[in-house]
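The values are calculated or read from the model by the stated rules, or taken from the named source; none is laboratory data. Just so it is clear, the structure is predicted and the values come from calculations on it, not from any experiment. Glycine also receives a Cβ, built like all others from the backbone with ideal geometry; neighbour counts cover every protein chain displayed. Keep in mind that these areas ignore ligands, DNA and RNA; they rest on the heavy atoms of the full protein, side chains included. Shrake-Rupley method; radii C 1.70, N 1.55, O 1.52, S 1.80 Å.
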Amino acid sequence: MELIRIIWVMCLLSIAQGREIGFSRFDFKKLSANGNSNLNVMNFGAVGNGIVDDSKAFLNAWTQMCNGTTGHMTTLIVPQGRTFLLSPTIFNGPCRVTYPVVQVDGKIIAPVKGAWNGKPDRWISFTNVYRLTIKGSGQIDGQGSTWWDRPDEMRPTALTLGYCMGCLLRGLTHLNSPRNHISIFGCRELVVSHVNIIAPENSYNTDGIDISRSKGIRVQDSFIGTGDDCVALGDGSKYINITNVHCGPGHGVSIGSLGANGSEQRVEHVHVRNVHFNGTMNGARIKTWEGGKGYAKRISFDGITLENVYNPVIIDQHYFNKRSSQRSAVQISDVVFRGIRGTSTNAVVINLNCSEVIPCTNIVLDNIGIRSTKRGAMASSYCAHVHGAVSKTSPNVPCLL
C-alpha cells in the first residue's frame with residue numbers, strides 16, 4: 001500500500017504540471033516480483049546512543065541503497081527508540097534504485113555549536129535524487145539554541161533538498177534548527193505533507209520552509225511554528241501551492257524578500273489557500289527591496305483565517321524602510337487576497353505600501369473582514385501607489401474604491 005501511495009502522489013504531481021516524469025516505461029509486474037528491500041542503519045555500524053557519531057554508518061547504508069540493484073524500491077530504516085548523532089552529511093544521487101525511501105522513526109540530532117568543524121552551511125543534505133521519499137514518525141533535531149545568538153550567515157540549515165525531482169517529505173517532526181529548518185532549491189515536483197516544524201518564537205531566522213529556484217512544489221496539511229517565516233518563497237519559485245497549513249508563531253507566509261542589492265529576481269504562480277495564522281507577525285506578505293528588478297506576479301491568498309496577527313495583509317516594496325534614491329523596483333502585479341477573516345493586534349490591518357517608481361497593479365481584495373483587537377483602535381487600511389479593485393472588504397481601502 002505504501003508503494004501504491006507513493007506512485008499515486010507522483011502521478012498526481014505529473015498531471016498537475018502537465019508533464020510525464022518517467023512512469024510510462026515503468027514495469028509494474030517486475031516491481032511486484034522484485035518487491036521492497038530494507039536496509040537498517042544499525043546493520044552498518046550505527047550505535048544510536050546520541051553520543052557516538054553515526055554519520056559514517058548512515059552514509060554506508062545510503063551508498064548501498066542508492067547503488068543497489070535489487071528491487072525498484074529500497075528503504076533505509078532509521079529505527080524507533082534510538083537517537084542518532086550526525087555530523088554534517090551529504091546524501092548524493094542520482095541513485096540506481098528507482099524509488100529510494102528513507103524511513104525515519106528514531107531521532108536524529110545535530111552536534112552542538114562547539115562540536116562542528118569548519119564554517120557551517122548545511123547539516124543534512126540530499127542532492128540530485130529522483131523519486132526520493134523521506135517519511136516516518138521520527139524527529140530531526142537541529143539543537144539550534146546554541147546557535148541563535150550568532151549572525152545568520154554563520155548558522156547552518158538543518159535539512160536541504162537540492163536538485164531533487166518527484167520527491168515526497170512526509171510525517172516527520174523538525175525541531176530547533178540553527179537556521180532554516182527545510183530549504184528546497186533547484187527542485188521540481190516535490191510534496192511536503194503532514195510535517196511538524198517547531199522552534200521558539202524568539203529563535204531568530206529559523207524559517208520553517210524556504211523555497212527557491214524550484215517549480216511545482218506543494219506544502220500541505222502541516223503545522224509550522226518558528227521564529228521567522230513559516231514558508232518563505234525566494235527567487236525562481238513558481239507553481240507553488242501552500243494548502244491547509246497552521247502557521248504560528250512566526251512571520252507568516254512571505255514572498256520575498258526579493259531584489260536585495262539591486263538583484264533581478266522573479267516569483268510567479270503562487271497559491272496560498274486555507275491557511276490559519278495564529279499570533280504571527282504577518283499573515284499574507286509580499287516584500288521587496290528598493291532598487292531591485294524582476295517581478296512577483298500571479299499570486300493568490302484565499303481562505304485565510306487570522307487570530308491576533310499583527311500585519312494580516314501586507315505588500316511592502318520598501319522592505320526595511322530604506323526609501324533610497326535608486327530608481328527601480330521589483331514589479332508586483334496580479335495579486336488576489338480573497339476570503340480573509342479574523343483579528344489583528346494592529347490598527348492598520350491592510351497595508352499596501354507600493355513603489356512610486358513601479359506601482360503595484362491589478363491588486364484585488366475581495367470578501368475580507370478583519371477586526372482590530374488593539375485597545376481603543378478601529379481597524380484601518382493604508383495604501384500608496386497601488387492600482388486594482390476591492391469588494392466586500394472591511395475595513396475600507398479607499399485608494400482602490
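In whole Hz and in residue order, list the ³J(HN,Hα) couplings for segment 163-180 that follow from phi through the Karplus curve 6.51 cos²θ - 1.76 cosθ + 1.60, θ = phi - 60°; x for Gly and Pro.
6, 9, 9, x, 10, 9, 10, 9, x, 7, 10, 10, 10, 6, 5, x, 9, 4
Could you work out the equivalent-ellipsoid semi-axes for segment 242-337, taking the square root of 5 times each eigenvalue of the Cα gyration tensor, largest first, in whole Å?
On the way: eigenvalues 123, 44, 16 Å².
They are 25, 15, 9 Å, listed from largest to smallest.
Could you work out the pair-distance distribution P(r) of segment 122-256 from its alpha-carbon pairs, with 10 angstrom bin width and percents rounded to whole numbers?
So the P(r) values, bin by bin, are 14, 49, 34, 3.
Using alpha carbons only, what's the Rg to Rh ratio of segment 106-149 with Rh from Kirkwood?
Values: Rg = 13.0 Å, Rh = 12.7 Å.
Reported Rg/Rh, Kirkwood definition of Rh: 1.03.
Using Cα pairs under 8 angstrom and six or more residues apart, how large is the relative contact order of segment 269-401, in percent? Please list the in-between numbers first.
Details: 383 pairs, mean separation 29.7, N = 133.
Averaging sequence separation for qualifying contacts and normalising by length gives 22 percent for segment 269-401.
For segment 343-356, in order, what is each residue's ³J(HN,Hα) by Karplus, 6.51 cos²θ - 1.76 cosθ + 1.60 with θ = phi - 60°, in whole Hz (x at glycine and Pro)?
My calculation for segment 343-356 gives 10, 10, 8, 10, 7, 8, 9, 10, 10, 10, 9, 9, 8, 5 Hz in order.
Compactness ratio of segment 44-91: Cα Rg over 2.2 N^0.38 Å, N = residue count?
Scaled against compact globular proteins, the figure is 1.20.
How big is the Rg/Rh ratio for segment 177-332, C-alpha atoms only, Rh by Kirkwood, two decimals?
My calculation puts Rg/Rh at 0.95.
Dividing the alpha-carbon radius of gyration of segment 34-123 by 2.2 N^0.38 Å (N being the number of residues), what value is obtained?
On the way: Rg = 13.6 Å, N = 90, 2.2 N^0.38 = 12.2 Å.
In units of the globular-protein estimate, segment 34-123 measures up at 1.12.
Between 0 and 90 degrees, rounded to the nearest ten: what's the tilt of helix 2-17 against the longest Cα principal axis of the chain?
40 degrees
Which whole-Hz couplings ³J(HN,Hα) result when phi for each residue of segment 220-227 is put into the Karplus expression 6.51 cos²θ - 1.76 cosθ + 1.60, θ = phi - 60°, listed in order with x for Gly and Pro?
8, 6, 9, 10, 9, x, 9, x
Which value, to two decimals, describes the C-alpha radius of gyration of segment 185-258 once divided by 2.2 N^0.38 Å?
On the way: Rg = 11.5 Å, N = 74, 2.2 N^0.38 = 11.3 Å.
Against the compact-globule rule of thumb, the ratio is 1.02.
Pairing the Cα long axis of helix 55-66 with the longest principal axis of the chain, what angle in degrees results, from 0 to 90 and rounded to the nearest 10?
80 degrees
For n ≥ 4 DSSP H runs only, could you compute -39500 (n - 2.57) per run for the chain, divide by its residues and tell me the 222 nm figure to the nearest 500?
Roughly -2500 deg cm²/dmol at 222 nm, from the helical runs in the chain.
Arranged from highest to lowest average of other beta-carbon atoms within 10 Å per residue, in what order do the peptides 92-99, 368-375 appear?
On the way: 92-99: 17.8, 368-375: 16.2.
Sorting 92-99, 368-375 by mean packing, highest first, produces 92-99, 368-375.
List every residue whose amide H lies under 5 Å from the amide H of Ser372, counting only residues 5 or more places away in sequence or on a different chain, with H placed 1.01 Å from N in the peptide plane.
Under 5 Å from the amide H of Ser372 lie the amide H atoms of Ser344, Ala379, each far enough along the sequence or on another chain.
Please list the non-local residues whose amide H lies under 5 Å from the amide H of Thr89, H modeled 1.01 Å from N, same-chain partners needing a gap of 5 or more.
Counting only residues 5 or more places away or on other chains, the set is Ile124, Ser125.
For a Förster distance of 30 Å, can you work out the FRET efficiency between the beta-carbons of Asn67 and Ser87, rounded to the nearest 0.05? Don't skip to the end; give the middle numbers.
Values: r = 22 Å, r/R0 = 0.73.
Taking R0 as 30 Å, the efficiency between Asn67 and Ser87 is 0.85.
Across the chain, what fraction of all alpha-carbon pairs, as a whole percent, falls in each successive 10 Å bin from zero upward?
It works out to 5, 22, 30, 23, 13, 6, 1, 0, in whole percents.
Of all the accessible heavy-atom surface of the chain, with the other protein chains kept in place and a 1.4 Å probe, what percent is carbon and sulfur? Before the final figure, lay out each step's value.
Details: 8230 of 16780 Å².
After summing per-atom areas, the C and S share lands at 49 percent.
Which three numbers, in whole Å and largest first, are the semi-axes of the equivalent ellipsoid of segment 120-195 derived from its Cα gyration tensor as √(5λ)?
Details: eigenvalues 103, 44, 13 Å².
Equivalent ellipsoid of segment 120-195: 23, 15, 8 Å, largest first.
Within 10 Å, count the other beta carbons around each residue, average over each peptide in 40-50, 215-225, and list them highest first. Show your work: numbers first, answer last.
Details: 40-50: 16.9, 215-225: 21.7.
So the order, starting with the most tightly packed, is 215-225, 40-50.
Taking a probe of 1.4 Å, how large is the accessible area per residue of the chain, in Å²? Don't skip to the answer; put the middle values down first.
Values: 16780 Å² over 401 residues.
Ligands and nucleic acids excluded, the result is 42 Å² per residue.
Along each of the three principal axes of the Cα atoms of segment 62-176, give the extent in whole Å, ordering the values from largest to smallest.
46, 30, 21
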